[in-house]
Amino acid sequence: MTAEVRLLLGQVAVGQSLPELAIDVTPTTVVLGALASRDWRPMHHDYKFATERNGVADIFLNTPNQAAWFERYVTDWAGPRARLGRMKFRMKTSVFPGHRMVFTAIVTAVSTDSAGCGWVSIDVALSVGAAEADPSSYVVASTCEVRLALPDSSTDNPWSRSGEQWVP
Amino acid sequence: MTDNNLSESNLTDLPVAVSSVIGVSQYLQIATFDVENSYAYNTLAATENANPLFWDDAVAQELTSGRILPPTTLSLWMRPHYWEPGAEGEQVALQVHFDLKKIFELPEAVMTDNTIIFYEPVRAGDRISNSQVLKSVSGPKTTKLGSGRFWVIDVEFKNQHGALVGIESYTGFGYRRDQEGAAS
């Protein structure tokens, strides 16, 4: 077996916290993420457009890149066998260069569906503030509800599921 | 799929150009290029994502019978090139969103909510297609950004075999800045 078994369903409980992840956002973070997702809209790379046309403080992280950050955060914790089923996120305020992004999360549900697939539900918060500021002053920029399939044994592989066996 | 808490507009409050397309599948499109791993690397680098499923062939072979793309790259396969021969004007991915901005004469817009449901994994060499469905439009709203309307658009993605690979639902807010002038 090559693929690490980092986390099994039975090792997760409601109320469990995920390790915090902090990332300092630069203009490169924003532009790289936008271009990686083929998002050419100018508010993600053009400061003057973002500030003068959109009326926001700076260029800001685009939606698909936020999704990719949420994916990275939960799979860092759960490992390569974990499989995303669903993400629902709400962006309350924008993420700008100069911000420190801090990801935190808590497990809200652990279950097994009728097809035998194990699931955890996770509420993720993406908080932002100036990198040099007191983290207690940070505000929640986005929230994300994640439904993540986890193996229930060292031989289980949620990625092998399809059709009626995969109910995300 | 929509479970937003928008107060949806009565259909009779909406222009026919909007009410007539609610619930209708529009803009069936097939990607102009195949799925390729280089975009996976761009996304993985942009998010410093070290998941070995996307970097290690042996892990990918064991878990997914070969390389797959990070699930959250779903929408990028249908995003148009910034420019291509014969194209005029800005090329946009979510045409229904831009249609609504034009119809309601709302020059600015942001996305506020996004739901993605993942089905069959996307693999290099796949050719993705999608279609857009306008699910709802709110009545007039005012937020700190300005005055406008919220709308919800679902996008269904399939691969070249017709298998569903994902559904994405966007909530957008089209608006006009209250201090008009800079936003025109």
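The values are calculated or read from the model by the stated rules, or taken from the named source; none is laboratory data. Computed from a predicted structure; not experimentally measured. Glycine also receives a Cβ, built like all others from the backbone with ideal geometry; neighbour counts cover every protein chain displayed. Calculation scope for accessible area: heavy atoms of the full protein, side chains included, ligands and nucleic acids excluded. Shrake-Rupley method; radii C 1.70, N 1.55, O 1.52, S 1.80 Å.
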Rounding to the nearest 20 debye, state how big the charge dipole of the protein assembly as shown is about its Cα centre with +1 on each Lys and Arg Cβ and -1 on each Asp and Glu Cβ. 420
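When every alpha-carbon pair in chain B is counted, what percent end up more than 19 Å apart?
The calculated P(r) of chain B puts 64 percent of pairs beyond 19 Å.
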Using alpha carbon coordinates only, what is the Rg to Rh ratio of the protein assembly as shown, with Rh defined as the Kirkwood radius? 0.96
So what is the relative contact order for region B:44-184, in percent, with contacts set as C-alpha pairs under 8 Å and at least six apart? 23
Within region A:29-168: Cβ-based charge dipole about Cα centre, in debye rounded to nearest 20 (Lys, Arg +1; Asp, Glu -1): 300
If one computes the Cα centroid of region A:108-160 and of region A:11-50, what distance in Å separates the two points? 17
Carbon + sulfur, % of accessible area of chain B - ligands and nucleic acids excluded, 1.4 Å: 51
For chain A, set up a Gaussian network in which alpha carbons nearer than 10 Å are linked by springs, and say which option among A:S142, A:S153, A:S114 fluctuates the most. A:S114
Counting only heavy atoms of the protein chains, get the accessible area per residue of chain B (1.4 Å probe) and round it to a whole Å² value. 46
At a Cα cut-off below 20 Å, give the lysines reachable from B:K101, other chains included and same-chain residues fewer than 8 away excluded. B:K135, B:K141, B:K144
Accessible surface of region A:9-165 [probe 1.4 Å, protein heavy atoms]: carbon and sulfur percent: 51
How much accessible area per residue does region A:9-165 have, in Å², with a 1.4 Å probe? 39
Over the Cα atoms of region B:58-126, what Rg and Dmax result, in angstrom? 17.0, 53
Extent along principal axes [Cα atoms of chain A; Å; largest to smallest]: 53, 34, 28
Between region B:94-116 and region A:71-107, how far is it from one alpha carbon centroid to the other, in angstrom? 24
Accessible-area ranking of B:M111, A:M87, largest first, probe 1.4 Å: B:M111, A:M87
Over chain A, what is the relative contact order in whole percent, taking alpha-carbon pairs under 8 Å and six or more residues apart? 28
Can you tell me which of B:Q26, B:Q61, B:Q160 moves the most in a GNM of chain B? Springs connect C-alpha atoms under 10 Å apart. B:Q61
